[in-house]
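First the structure, in the form of structure tokens, and then the observations on it.
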Amino acid sequence: MRPIVVGTDGSPRAGLAVEWAAEEAVRTGRPLHVLHAVERWPYDVPFHPAPGLGESRAEDAARVLTEAADLAAKAGPGIEVTTELVEETPSEALRQAAFGAYETVVGNRGLGGLAALLLGSTGLKVAGHAPGPVVIVRGETGETRGEVVVGVDRSGESALALQYAFETAHLRGAWVRAVHVAPAPSAALTASYPDAIHDAAAAAATLLVGALAPWRDRYPEVRVVEQAVVGHTVGELIARSARADLLVVGVRANGGGRLGLHLGSVSHGVIHHSACPVAVVRARP
């Protein structure tokens with residue numbers, strides 16, 4: 001059974017990610033694997049570190065993993081928890097672990113103010129390159145609202161996002177708010193702007209009905225709210241994240257490009273500004 005993998009560095013935000021992942025392990029009946037990555041000390045080769053430095057780093061790593069395992073056991077009583085220390089960059093360690101994971105969980109590294117809106121480089125790299133679902137734990141996670149928001153568009157990735165959203169809602173006993181946002185027509189390019197807005201909204205509603213049909217059939221017990229609107233996709237999804245337990249978006253498979261280039265503007269925007277955890281869903285190779 002694929003485990004839920006969560007990365008930790010011992011920070012408070014990583015602790016929230018561990019708690020979220022442990023609760024997810026309870027819901028899914030899956031084991032939890034806690035990973036802590038430590039980059040190789042640059043002076044190990046060819047020089048030798050100061051006496052005791054290697055032992056100190058090993059002790060710190062062991063403490064981080066022990067504290068995370070204890071936190072997971074409290075948040076998810078009865079789940080199977082394993083830990084692993086990897087000598088690698090955190091982003092690469094998590095990317096590799098994602099190939100065998102059900103989903104990969106990382107924390108938002110904001111520390112307050114403007115920083116709280118931003119995702120750290122590790123989370124951005126994992127979200128941009130790891131296969132399968134990646135959950136970025138941000139926003140308020142304590143209160144359960146019973147709602148999963150999913151962004152729907154014309155791409156093939158929407159089917160992956162919908163599958164994940166409906167499965168998650170089923171496991172949580174929640175309902176799905178499916179949102180498709182059509183871009184607003186330019187008033188400068190049309191003489192009948194109100195009619196153009198109406199037509200765009202109608203086309204969005206038709207697309208949404210068709211995209212949801214197979215998932216309504218597969219999960220008849222999951223309540224669905226359809227919202228076809230005209231506007232800016234990132235803004236509309238962020239506004240709805242304030243009432244949700246999870247926001248789900250799909251992204252295309254990537255070919256290994258640079259940081260964040262394979263997230264797309266919508267997923268990139270929501271993982272930086274969502275008021276709730278975000279699941280970025282990508283096809284596995």
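The values are calculated or read from the model by the stated rules, or taken from the named source; none is laboratory data. These numbers were taken from a predicted model, which means no experiment stands behind them. Every residue, glycine among them, receives a Cβ derived from its backbone with ideal geometry; neighbour counts consider all protein chains shown.
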Filtered residues of segment 28-85 (kept if hydrophobic (A, V, I, L, M, F, W, C), more than 23 Å from residue 16 (Cβ to Cβ) and either at pLDDT 95 or above or assigned to a helix (DSSP H, G or I) (or both)): 53, 58
Would you check if there is a residue in segment 144-154 being out of contact with any helix residue (DSSP H, G or I) (no Cβ under 6 Å at 6 or more places or on another chain) and under 23 Å from residue 264 (Cα atoms)? yes
Checking the conditions here, which among 106, 149 is at pLDDT 95 or above and buried (at least 24 other Cβ atoms within 10 Å of the Cβ)? 149
Across segment 212-255, what is the number of residues that are surrounded by fewer than 18 Cβ atoms within 10 Å (Cβ to Cβ), of a type in the set (A, V, I, L, M, F, W, C), part of a loop (DSSP other than H, G, I, E, B) and at pLDDT 95 or above? 0
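Rundown of residues vs (1) modelled with pLDDT under 80; (2) part of a helix (DSSP H, G or I), yes/no style:
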| position | (1), (2) |
| --- | --- |
| 168 | no, yes |
| 171 | no, yes |
| 180 | no, no |
| 185 | yes, no |
| 196 | yes, yes |
| 203 | no, yes |
| 210 | no, yes |
